[in-house]
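I have placed the structure first, in the form of structure tokens, so that the comments after it can refer back to it.
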């Protein structure tokens, strides 16, 4: 498992006092209010910053970070990713998983046939879609609903699915 969880990306600056605009990668954007520090990772380094202020603007998060006091300094952080320490996280509810823990798991149908590896997950609004790719590169799109996803075993790196009519 990864030590850090990616929870957003800095997509722009906001104002002239060094605030950054963050595209959240989480369903619970209010978790930013509980964070005292955040790690910011770009291509060359990862650095911890203290959070001074959190605001919301049009489904985005606005952060004021200690030591970032003008638009020029904030602009240097654009396209960087926000990370938080996994060990400081509250345990997830039963049946809830981090996407980073699901990617790469092998996907089997309920007859034990290997369908491929979970390559990506995207949200359609109503539910997530699991993108499974087999060894030939063929993709299978599976809705993350209880009728299809029958079991997830992180420890054994395995997902069991039931293929309802019309999925393949």
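In plain terms, the chain from residue 46 to residue 128 could stretch by 26.5 nm, reckoned as 0.36 nm per residue minus the Cα-Cα distance.
Fewest-first ordering of 32, 14, 122, 25 by other beta carbons within 10 Å of each residue's beta carbon gives 122, 25, 14, 32.
Per residue of the chain, the DSSP helices (runs of n ≥ 4 H) give a summed -39500 (n - 2.57) that works out to -1000 deg cm²/dmol at 222 nm.
Between the labelled values (i) 11.5; (ii) 9.4; (iii) 11.0, the entry that holds mean projected area of the Cα convex hull in nm² as derived from this structure is (i). What the Cβ-Cβ distance of residue 34 and residue 11 gives, at R0 = 22 Å and to the nearest 0.05, is a FRET efficiency of 0.50. With a Förster radius of 35 Å applied to the C-beta separation of residue 76 and residue 98, the computed FRET efficiency comes to 0.75.
Just so you know, all these numbers are worked out from the coordinates, no wet-lab data involved. All of these numbers come straight from a predicted model, not from anything done at the bench. Don't worry about glycine lacking a Cβ; one is built from the backbone with ideal geometry, like all the others, and counts go over all protein chains shown.
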